[in-house]
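First the structure, in the form of structure tokens, and then the observations on it.
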Amino acid sequence: MARKRIGVTMRQVRVEQTDTTYDSLDTDWLPFLNDVLPDVVWVPVPNMGEAVVDWASDLGLSGVLLTGGDDWGTFPVRDQTERALCEWAKAEQLPLLGVCRGMQVLNYVMGGKLPSVRNGESEVDHVAAVHQLETPDGVLTVNSFHNGLLQEQDVAPLFLIWARSADGMVEAVRKHGGMMTGIMWHPERESTPMEHDMKLFKSIFGE
């Protein structure tokens, strides 16, 4: 049986001294992904704009993971790449998970708004913090590294709010049926994978 291939988007890094821009992936990602779903082939996705759809189709990707990074608008080619992947995954009914920036991008592309509040403007610190989130399944303890905060009115109509922080900010969303999910925390940054994160990734990308 052929192994499932899931695309993993990359942030862009600009080096002014050499006038070059690099695609890069946090080194925490692949150990986490291979630990949680070792039978999946995780494929780093180059930032190439709308051409990524043909590239992903030719490779036979069967899902997409949108990773974290800079705010929307910082690197337009990455924005174009991830917008195209979101629209492609929706059209093809492929599973898609957005993490931190990835959730913000997914929400925005699907008709929501970019974060309307910045860290420091709410009563809870969202950078380098640990949060207790309220979810339908109980309380989750997660890390937090984001400056942009989503409020309920920012969320695209097709998403259900699945988790909130103590200040009411939206920390996770899901499309009915689970094909599209967004989370604001970083599962890959835990020293040992959390049980709830392993369960989430397996439910989205597993068999």
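The values are calculated or read from the model by the stated rules, or taken from the named source; none is laboratory data. Computed from a prediction, not measured in an experiment: that's the story for all the values here. Because the Cβ atoms are built from the backbone with ideal geometry, glycine has one as well, and the counts that use them run over all protein chains shown.
Within the stretch 118-207, considering only strands (runs of 3 or more DSSP E) that don't extend past its boundaries, which have at least 3 residues that are over 17 Å from the mean Cα position of the chain (by Cα), on the phi > 0 side of the Ramachandran plot and free of Cβ contacts under 8 Å to residues at least 12 places away in the same chain? Show your work before the answer.
Values: elements: 127-135, 138-145, 159-164, 170-175, 180-183.
So the answer is none; nothing clears 3.
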### Query
Here are some residues: MET179, MET198, MET169. Which one is modelled with pLDDT of 95 or more and not basic (Lys, Arg)?
MET198
### Task
Looking only at the stretch 76-96, decide whether some residue is hydrophobic (A, V, I, L, M, F, W, C), under 28 Å from ARG14 (Cα atoms), touching a residue at least 40 places away in the same chain (Cβ under 8 Å) and assigned to a loop (DSSP other than H, G, I, E, B).
no
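Kindly indicate whether ARG101 is buried (at least 19 other Cβ atoms within 10 Å of the Cβ), closer than 20 Å to SER144 by Cβ and at pLDDT 95 or above. Steps first, answer last, please.
Values: buried (at least 19 other Cβ atoms within 10 Å of the Cβ): yes; closer than 20 Å to SER144 by Cβ: yes; at pLDDT 95 or above: yes.
Answer is yes for this residue.
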### Query
If ALA91 satisfies every condition in (1) aliphatic (A, V, I, L, M); (2) buried (at least 21 other Cβ atoms within 10 Å of the Cβ); (3) within 27 Å of GLY60 (Cα to Cα) but one, which is the exception?
(2)
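Can you find, within the stretch 1-54, the residue that is farthest from the chain's Cα centre (by Cα) among those that are among the charged types (D, E, K, R) and either in a helix (DSSP H, G or I) or within 14 Å of VAL99 (Cβ to Cβ) (or both)? Reasoning before the result, please.
Taking the stretch 1-54 and keeping what is among the charged types (D, E, K, R), we get 3-5, 11, 14, 16, 19, 23, 26, 28, 35, 39, 50, 54.
Adding the requirement that they be either in a helix (DSSP H, G or I) or within 14 Å of VAL99 (Cβ to Cβ) (or both) leaves 11, 16, 26, 28, 35, 50, 54.
Values: ARG11: 12, GLU16: 27, ASP26: 13, ASP28: 14, ASP35: 18, GLU50: 19, ASP54: 21 Å.
Ranking the candidates gives GLU16 first.
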